[in-house]
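Encoded as structure tokens, the structure appears first; notes follow it.
A short reminder: the numbers here are calculations on the coordinates, not readings from a lab. Treat the numbers as computed from the prediction; the structure is a model and nothing was measured. Heads up, the Cβs are rebuilt from the backbone with ideal geometry, glycines too, and the neighbour counts pull from every protein chain shown.
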Amino acid sequence: MGLSTTIATVFTALILITGFSLNLVIVVSTAEFLRASLRDGVAMDRQVFDERIDIEEVAVDGSLGLIIMNVTNIGETSIMADDFRLIDLIIVYYDDSGNMKTLWVPYSQEGASAPYWKVRRVLFQGGEGDLINPISFGLSESIGAWDPHETLEIEIAVGESLSRFVYVFMYSPSGGQSSIATSI
Amino acid sequence: MSSTMISEAIIMVAVIVAGSMLTQVFLISITRFQYSSNWATKDLSEKMLTSVLIIYATNSSSSELIFWVKNIGAVSLTRQLVKMSDVVLVGPSDVSEFSYSDSGSGWSYSLLNSEDEKWDYGETIQVTLRLDSQLEPGDYTLIFVVYNGVKTEYTFTIG
């Protein structure tokens, strides 16, 4: 075998090895990227699946425009008190003049001016109490969590009188929904 | 003997040059392939992590709809990206497509529970859709499509 044949063979081998290595790097990096995305995607889906809420009772004072309701975390995951601002509350109601209105109510634990919704207290097994991850509301940030099986007593101030009936729709941060309707 | 060595040397140089050129072309092709592959993977990954949900829709007047869309994915959308979304309204008699517009026919939005300008996970936008015709009674389907093609649908009735 001549020198040129040897060099050609070495070059061919180098090209093949380099190509194979680069291909391997591409496949591995692509797989790693997809694996991370899939893992995050599954985690998000799991959160959507595990995060469920249920509005159990509602009481309405139509003249004051006030709605009090109990909502229980019936999912498998806790919702941090700091994330309560991510809970959506939409109400559909008739005002005193008989006009139907739809209102997205913002979360405001201070409850300075209506419309707002805020947590009055935390209930567990029918009584007041929050043993696990107790919720404490602060001015700048809140601590604690709304854990599974715990019930929040929520106050909704609409800012005007209500008549006939009220629909309340509530959505958890990951989109879990519960609704209730009541006559006035 | 001498002429054989010269021939061998010429062939060796030719093989080295050809091999180098081939290697260069091969490496360039592989790099381009890697770039395309990374781009496609990134795009797919972003789509997998993007998720939005229309939570409620209603009409606020005879030619205006409002609806609320929640970001339930891991991807944060900047104001520029949100504005690239499209709204499709399937009505009882026709289908219309709307782009973002601050005034006139089209849709605009406001971030409701955000602490910054980005539309992050769990946050909700209120979308106002201004139509160029009157809404007629019937069933409607709203489709909100974000910049990368991920969409959410909501069906409601106007009585």
Taking only pairs six or more apart or across chains, which ones have beta-carbon atoms under 6 Å, a first residue in region B:91-114 that is away from every other protein chain (no Cβ under 14 Å), and a second residue that is part of a loop (DSSP other than H, G, I, E, B) and hydroxyl-bearing (Ser, Thr, Tyr)? B:Gly106/B:Ser99
Facing chain A (nearest Cβ under 8 Å) and either surrounded by fewer than 18 Cβ atoms within 10 Å (Cβ to Cβ) or in contact (Cβ under 8 Å) with a residue 40 or more places away in the chain (or both): is that true of B:Leu65 in this structure? no
(1) at positive phi; (2) in contact with a Leu (Cβ under 8 Å, 6 or more places away or on another chain) all hold for A:Pro106 apart from (1)
Matching residues, region B:123-159, being surrounded by 14 or more Cβ atoms within 10 Å (Cβ to Cβ) and more than 19 Å from the chain's Cα centre (by Cα): B:Gln126, B:Thr128, B:Leu129, B:Arg130, B:Leu131, B:Leu135, B:Tyr140, B:Thr141, B:Tyr154, B:Phe156, B:Ile158
Return the residue satisfying two criteria in turn: it lies in region B:115-148 and is of a type in the set (A, V, I, L, M) and within 13 Å of chain A (Cβ to nearest Cβ), and of such residues it is nearest to B:Asn59 (Cα to Cα). B:Val127
Only one residue in B:Lys70, B:Lys83 is within 14 Å of another protein chain (Cβ to nearest Cβ), basic (Lys, Arg) and surrounded by 15 or more Cβ atoms within 10 Å (Cβ to Cβ). Which one? B:Lys70
Going by the structure shown, is A:Glu57 of a type in the set (D, E, K, R), surrounded by 13 or more Cβ atoms within 10 Å (Cβ to Cβ) and under 30 Å from A:Asp95 (Cα atoms)? yes
Region B:69-107, residues that are more than 12 Å from the chain's Cα centre (by Cα), of a type in the set (A, V, I, L, M) and more than 26 Å from B:Gln134 (Cα to Cα): B:Ile72, B:Ala74
Every residue in region B:35-62 that is part of a strand (DSSP E or B), facing chain A (nearest Cβ under 7 Å) and either over 17 Å from the mean Cα position of the chain (by Cα) or free of Cβ contacts under 8 Å to residues at least 24 places away in the same chain (or both), please. B:Ile55, B:Tyr56, B:Thr58
Suppose we filter region A:105-120 for residues that are more than 10 Å from every other protein chain (Cβ to nearest Cβ) and aromatic (Phe, Trp, Tyr); how many remain? 2
Give region A:108-149 a look and list any residue that's outside any loop (DSSP other than H, G, I, E, B), over 21 Å from A:Gly75 (Cβ atoms) and either touching a Cys at 6+ places or on another chain (Cβ under 7 Å) or touching a residue at least 12 places away in the same chain (Cβ under 8 Å) (or both), or say none. A:Tyr116, A:Lys118, A:Arg120, A:Ser136
Enumeration of residues in region A:96-110 that are over 20 Å from the mean Cα position of the chain (by Cα) and surrounded by 14 or more Cβ atoms within 10 Å (Cβ to Cβ): A:Lys101, A:Thr102
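Residue by residue, here is whether (1) at the interface with chain B (Cβ under 7 Å from one of its Cβ atoms); (2) part of a helix (DSSP H, G or I) holds:
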{"residue": "A:Thr5", "(1), (2)": "no, yes"}
{"residue": "A:Phe11", "(1), (2)": "yes, yes"}
{"residue": "A:Leu24", "(1), (2)": "no, yes"}
{"residue": "A:Ile55", "(1), (2)": "no, no"}
{"residue": "A:Ile67", "(1), (2)": "no, no"}
{"residue": "A:Asp82", "(1), (2)": "no, yes"}
{"residue": "A:Ile90", "(1), (2)": "yes, no"}
{"residue": "A:Leu103", "(1), (2)": "no, no"}
